[in-house]
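Here is the structure we will look at.
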Amino acid sequence: MGFGVGILSGLLGVGGGVVLVPAMVYLLGMNQHRAHGTSLAVISLVVLFSAIFYSRHGQVNWVVAGELMVGGVIGASIGARIANLLTGRRLRRYFGLFLVIIAVRMLYDAIAMLANGGGPAWAGYSISPTLVSGALLIAAIGVLTGTLSGLLGVGGGIIMIPAMVLLLGFSQKLAQGISLAVIIPVSISGALIHSRHGNVRVDIGAWLALGGIVGGLVGARIAVGLSPHVLRGAFGILLLAVGMLTLFRGCPQSQASEPTQSDAGIGLGG
């Protein structure tokens, strides 16, 4: 299980909690809280090694990552407050529709890039993270990511990556590397919160992390060597699958209870 999640994390730049949490619940019989806490502890190690690999290949912009982190923390607080006022079922379905729409767009771009001989499907934007306007835009994406994550308990990578690709014109590989870097501190903080409540299974988490680190390095190595349109298409398929599952079945980790303020800040690691 850990190796499979690691492959997914390194290959597509997501934490992998969207797969790991339901796997621990349905295959290992864990309750939701322990599955979430253990998942975050495992993810914090997996994404660390994957992010280092991406960074060594020049696929992490640490300035952008820092700006997204700041915005994400603010957004998570906003999402927590909104979550206490609204029902989760309708929000999850709206978000599932949002994911499906983004997935269709990214699949369309992947096909367009393939038809264009692997080149970009559009002219990328020129966003400088060191300029005030660029920093504010990137921080705003972080706020949006944190808000939706805190509101719906979904992974930050699923939101951050298409936002950086479609709104900022970043390459798929760069967006994935930045996403992994942003997930590191958030997943660590979430794991510490869960650990204080006894919701981290160290015995199971150690084996999952061992497989996940190996899988993450393998996935990252594969990702660095793949064509951008292949990565974008694979990510679009992931979004489509998660979106359809959210629309028709709801998020597995959200079925037990609605998001609370203590959970809101840790959803980014998924």
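Please treat every number below as a calculation from the coordinates, not as lab data. As the structure is a prediction and not an experimental result, all values here were calculated from the model. All Cβ positions, glycine included, derive from the backbone under ideal geometry; neighbour counts span all protein chains shown.
State whether the range 172-220 is rounded, prolate or oblate according to the following rule on the C-alpha gyration tensor (a ≥ b ≥ c being the square roots of its eigenvalues): a/c under 1.5 gives rounded; otherwise a/b larger than b/c gives prolate, and the remaining case gives oblate.
Oblate shape, in that a/c is at least 1.5 and b/c is the bigger or equal ratio.
What length, rounded to one decimal in nm, is gained on full extension from ARG56 through to ALA206, with 0.36 nm per residue of separation minus their alpha-carbon distance?
51.4 nm
Measuring from a point 7 Å past the Cα of SER133 along Cα-to-C-beta, which residues in the range 59-80 have an amide N at less than 20 Å?
Those under the cut-off are 64, 67-68.
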